[in-house]
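J.: Got a structure for you, written out below as structure tokens; questions coming shortly.
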Amino acid sequence: MSILDSVSIPRRTMVLFFLVDTSGSMDGDKIGAVNEAIREVLPEIKAISAENADALIKIAVLDFSSGARWLYNTPIEADQFVWNNLEAGGLTDLGVAFNMLNDKLSRTQFMADAVGSYAPAIFMMSDGEPTDEYKKGLAELRRNKWFKVAIKVAVAIGSDANTEILKEFTGNDECVLTVRTPASLKKMIRFASVTASQIGSKSSGVGLGDDSDADTNQKAADFAGQIKTFQQDSIDVDDVQNGW
Amino acid sequence: MKEFKQNDKIALKVGGSITVKRKLGEGGQGIVYLVEMNGKQYALKWYTHDCTKEFYDNLDNNIKNGAPTDSFLWPQFLTEWHEKRFGYIMALRPDEFKEFSHFLLAKARFGSLSAMIHAALQISNAFRALHRKGYSYQDLNDGNFFIHPITGEVLICDNDNVAPYGKNLGIAGKCRYMAPEVVLRKSLPNADTDRFSLGVLLFMLLFNNHPLEGKLIASVPCLTDQMERRFYGSSPVFIFDPKNDTNHPVMGVHTNAIRRWPIFPQYIKDAFIHIFGAEGIHEPNKRNPENEWIKLFMRLRDETVKCSCGNETFINMEVSESNCINCGKQLGKPMTLNVGRSRIVMFPGKKAYAIHTKAGSEDFLKITGEVIQNKNKPALWGMRNISADTWMCTMPDGKQKTISNNDVVPVLNGISIVFGGGVKGEITE
């Protein structure tokens with residue numbers, strides 16, 4: 001082997017989580033748009049991972065309705081990931097979803113990469129009210145160290161979604177986005193997942209003063225900033241007048 | 001603001017317009033389009049966030065001042081403002097140039113050690129020229145470079161944060177590549193912080209691993225802001241720090257650095273030990289200047305020869321015997337042409353440059369001499385004059401001979417050459 005031959009530089013892992021509400025009310029064009037949008041954005045996420053010398057991106061999907069299920073039992077590298085259409089039906093067991101996410105956000109579970117990880121990005125989509133007891137699960141999740149440092153974004157699909165719970169989930173108002181048409185849902189899924197992947201999988205700019213122990217989260221702040229700009233740029237008349 | 005579509009026209013500040021052909025890519029700051037102007041194709045970088053007038057004026061000023069060297073894909077024209085956004089035009093990158101990240105990911109590799117050294121020289125030279133013009137680059141990272149794997153030619157993009165000394169346009173950058181004082185926000189980016197980033201890039205170019213990412217960082221499950229500040233800001237440790245092995249590379253993880261570090265000459269290692277040691281980390285004005293890197297890489301180039309196995313290797317001038325790093329063959333200690341501080345190994349294919357043979361020249365690219373091998377008697381070597389100057393050589397027996405363009409000086413112990421302008425050289429064992 002020539003000295004000029006090399007192996008890839010070790011890359012950390014950034015897991016992008018999709019948490020998708022597949023309750024009965026999501027049936028029809030809502031779940032249809034979600035399936036389409038994620039399928040379409042995957043090649044872009046794959047490209048971000050392929051060109052990236054800081055981190056590789058893996059994807060994990062949890063769908064929740066009556067109970068919740070992981071699409072695969074381990075995060076899958078973006079370039080290997082195959083999206084299987086999600087079907088809607090059943091209740092909205094958000095509490096179960098929070099518990100299952102909390103279990104996997106652990107060094108012994110999904111965050112087990114040998115050379116370490118960057119903070120994950122967690123993208124939640126929901127159109128309704130939880131039908132189970134979710135508070136305890138959410139409180140525990142919010143104490144999870146991985147969850148604390150994650151980039152979090154939530155899309156409220158239509159006017160019936162409980163945005164207050166989503167705000168508790170993301171920890172701020174900026175990262176909860178409401179969409180009312182299939183077109184804007186697709187646009188939002190694309191923007192949020194591409195931006196979260198770009199920011200989450202790169203070495204950050206850190207900063208915020210010279211206190212090196214300060215508990216900052218520059219990536220989450222950068223992400224919130226970009227979401228804000230995007231929302232200002234994409235106010236859609238159609239979205240306001242029609243839709244869910 | 002919607003994205004531009006094919007055939008959209010965008011007005012330029014200087015008058016006239018460009019036509020959008022298609023989208024080429026998208027990054028955190030903006031979108032890059034293929035555009036056409038007067039029948040010629042260019043790249044347009046369009047900002048997708050609101051920009052300040054200061055940012056626009058700074059770019060305008062950079063355009064007026066021109067690129068420091070040909071290595072820069074420098075902004076050429078600004079567009080008019082579209083509300084609070086705009087873009088600029090630059091040359092397109094030819095396809096043969098590969099992103100630096102592709103080298104790091106082992107998707108691209110240098111064709112030869114010479115190409116790798118040439119790339120290191122080009123990058124060092126580009127930043128020397130940029131700093132000499134009074135600019136700092138401010139955001140050096142792996143995304144800014146395109147390299148030709150065979151020639152080692154370099155193209156540097158994203159020149160939009162380049163600003164005069166003392167000025168900063170608010171760029172954050174990537175902390176894997178930042179100087180520690182920028183990571184900790186004790187300093188804004190400047191020429192000294194650029195020189196730290198340059199050290200990181202040169203290390204990665206040669207060793208294909210990160211200089212500060214060893215055992216310590218590999219054992220951290222989640223790289224949070226706090227951790228990034230620690231490993232790149234408040235307490236970075238070089239993976240080959242001779243006095244501190246806490247962050248040494250890990251077998252099976254930092255494979256490239258472990259393989260390559262031992263084969264490089266000590267003076268190259270010393271330069272990295274300095275920049276990632278106490279002085280380089282904590283005393284910004286003691287970081288290796290570009291000039292020093294250029295001298296070191298020129299020396300490395302002077303000592304790089306092609307072995308009969310077909311691969312290149314280094315000759316260690318400090319010892320009586322060098323072995324090929326590829327096949328292990330003994331190469332002895334070849335003769336050298338000694339000019340000033342340079343010692344060019346007299347091996348077939350080796351070259352002398354204007355910086356060696358022309359008085360006062362800094363040009364390390366213009367070839368002025370090349371060592372050739374007699375076709376009929378392969379043991380006979382000579383150096384051909386491929387400059388416009390006439391050289392005067394004195395043979396070991398005292399006889400003098402003029403060496404005009406295309407003439408050959410034999411490679412023999414004791415020959416001295418006057419290249420002109422007071423520059424003298426001598427071939428010795």
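The values are calculated or read from the model by the stated rules, or taken from the named source; none is laboratory data. As the structure is a prediction and not an experimental result, all values here were calculated from the model. Cβ coordinates were reconstructed from backbone atoms using ideal geometry, including for glycine residues, and neighbour counts include every protein chain displayed. Ligands, DNA and RNA are stripped out before the accessible areas are found, and what is left, the full protein with its side chains, is counted by its heavy atoms. Shrake-Rupley method; radii C 1.70, N 1.55, O 1.52, S 1.80 Å.
J.: Is there a residue in the range B:141-148 that is within 12 Å of chain A (Cβ to nearest Cβ), in contact with a Cys (Cβ under 7 Å, 6 or more places away or on another chain) and part of a strand (DSSP E or B)?
T.: Within the range B:141-148, none of the residues are within 12 Å of chain A (Cβ to nearest Cβ), in contact with a Cys (Cβ under 7 Å, 6 or more places away or on another chain) and part of a strand (DSSP E or B).
J.: State yes or no: is B:N7 part of a helix (DSSP H, G or I) and either not small (G, A, S) or not assigned by TED's automatic domain parsing to the domain that holds B:P149 (or both)?
T.: no
J.: Same structure, new question: In the list B:G39, B:G15, B:G28, B:G66, which residue meets the criterion of being out of contact with any strand residue (DSSP E or B) (no Cβ under 7 Å at 6 or more places or on another chain) and under 29 Å from A:N52 (Cβ atoms)?
T.: B:G28
J.: Based on this model, can you work out whether B:F238 counts as in contact (Cβ under 8 Å) with a residue 40 or more places away in the chain and surrounded by 22 or more Cβ atoms within 10 Å (Cβ to Cβ)?
T.: In short, no.
J.: Which condition does B:Y165 not pass, out of (1) among the aromatic types (F, W, Y); (2) open to solvent by 10 Å² or more (accessible area, probe 1.4 Å); (3) under 14 Å from the mean Cα position of the chain (by Cα), if it passes all the others?
T.: Unmet for B:Y165, out of (1) among the aromatic types (F, W, Y); (2) open to solvent by 10 Å² or more (accessible area, probe 1.4 Å); (3) under 14 Å from the mean Cα position of the chain (by Cα): (3).
J.: What number of residues within the range A:40-71 satisfy the criterion of being under 30 Å from B:K98 (Cβ atoms) and not acidic (D, E)?
T.: Summing the residues that are under 30 Å from B:K98 (Cβ atoms) and not acidic (D, E) in the range A:40-71 gives 16.
Condition check ((1) modelled with pLDDT under 95; (2) in a strand (DSSP E or B); (3) out of contact with any Phe, Trp or Tyr (no Cβ under 8 Å at 6 or more places or on another chain)) across all residues:
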{"position": "A:M1", "(1), (2), (3)": "yes, no, yes"}
{"position": "A:L4", "(1), (2), (3)": "yes, no, no"}
{"position": "A:M14", "(1), (2), (3)": "no, yes, no"}
{"position": "A:F17", "(1), (2), (3)": "no, yes, no"}
{"position": "A:V20", "(1), (2), (3)": "no, yes, no"}
{"position": "A:V34", "(1), (2), (3)": "no, no, yes"}
{"position": "A:E44", "(1), (2), (3)": "yes, no, yes"}
{"position": "A:A47", "(1), (2), (3)": "yes, no, yes"}
{"position": "A:N52", "(1), (2), (3)": "yes, no, yes"}
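J.: Which residues, taken from the range B:17-61, are closer than 20 Å to A:S197 by Cβ, small (G, A, S) and surrounded by 15 or more Cβ atoms within 10 Å (Cβ to Cβ)?
T.: Residue satisfying the conditions is B:G30 alone.
J.: Next up: Determine which member of the set A:G24, A:G32 is open to solvent by 10 Å² or more (accessible area, probe 1.4 Å), over 20 Å from A:S106 (Cβ atoms) and touching a strand residue (DSSP E or B) at 6+ places or on another chain (Cβ under 8 Å).
T.: Residue meeting the stated conditions: A:G24.
J.: Still on this structure: Look at the range A:113-158 and say how many of its residues are within 18 Å of A:L177 (Cβ to Cβ) and either under 15 Å from the mean Cα position of the chain (by Cα) or not in a loop (DSSP other than H, G, I, E, B) (or both).
T.: 14
J.: Out of contact with any Asp or Glu (no Cβ under 9 Å at 6 or more places or on another chain), within 14 Å of chain B (Cβ to nearest Cβ), in contact (Cβ under 8 Å) with a residue 12 or more places away in the chain and on the phi > 0 side of the Ramachandran plot: is that true of A:G116 in this structure? Reasoning before the result, please.
T.: Working: out of contact with any Asp or Glu (no Cβ under 9 Å at 6 or more places or on another chain): yes; within 14 Å of chain B (Cβ to nearest Cβ): yes; in contact (Cβ under 8 Å) with a residue 12 or more places away in the chain: yes; on the phi > 0 side of the Ramachandran plot: yes.
When the stated conditions are applied, A:G116 passes them.
J.: I've got another one for you. Quick check on my filter: what residues within the range B:190-222 are within 11 Å of another protein chain (Cβ to nearest Cβ), surrounded by 23 or more Cβ atoms within 10 Å (Cβ to Cβ) and not in a helix (DSSP H, G or I)?
T.: Matches in the range B:190-222: B:N208, B:N209, B:H210, B:E213, B:G214.
J.: Continuing with this model, one more query. Do we find a residue being in contact with a strand residue (DSSP E or B) (Cβ under 9 Å, 6 or more places away or on another chain) and within 8 Å of chain A (Cβ to nearest Cβ) anywhere in the range B:264-285?
T.: No.
J.: Next question, about the same structure. Let me confirm something: among A:S193, A:S126, A:S159, which residue is touching a strand residue (DSSP E or B) at 6+ places or on another chain (Cβ under 8 Å) and at pLDDT below 90?
T.: Testing whether each residue is touching a strand residue (DSSP E or B) at 6+ places or on another chain (Cβ under 8 Å) and at pLDDT below 90 leaves just A:S159.
J.: While we're on this one: I'd like to check which strands (runs of 3 or more DSSP E) are fully inside the range B:315-429 and have at least 2 residues that are of a type in the set (S, T, N, Q), open to solvent by 40 Å² or more (accessible area, probe 1.4 Å) and more than 23 Å from B:N125 (Cβ to Cβ).
T.: B:400-403
J.: Do you know which of the residues in the range A:90-113 that are over 23 Å from A:N35 (Cβ atoms) and acidic (D, E) is farthest from the other protein chains (Cβ to nearest Cβ)?
T.: My answer is A:D103.
J.: Could you list, ordered by first residue, the pairs with Cβ atoms under 7 Å in which the first is in the range B:94-107 and closer than 15 Å to B:F203 by Cα and within 7 Å of chain A (Cβ to nearest Cβ) and the second is among the charged types (D, E, K, R) and crowded, with 19+ Cβ neighbours inside 10 Å, at least 6 apart or interchain?
T.: Going by the 7 Å Cβ cut-off, the qualifying pairs are B:S101/B:D142; B:L104/B:D142.
J.: Restricting to the range A:129-156, and then to whatever is touching a strand residue (DSSP E or B) at 6+ places or on another chain (Cβ under 9 Å) and of a type in the set (V, I, T), can you tell me which residue is nearest to A:L16 (Cα to Cα)?
T.: A:I151
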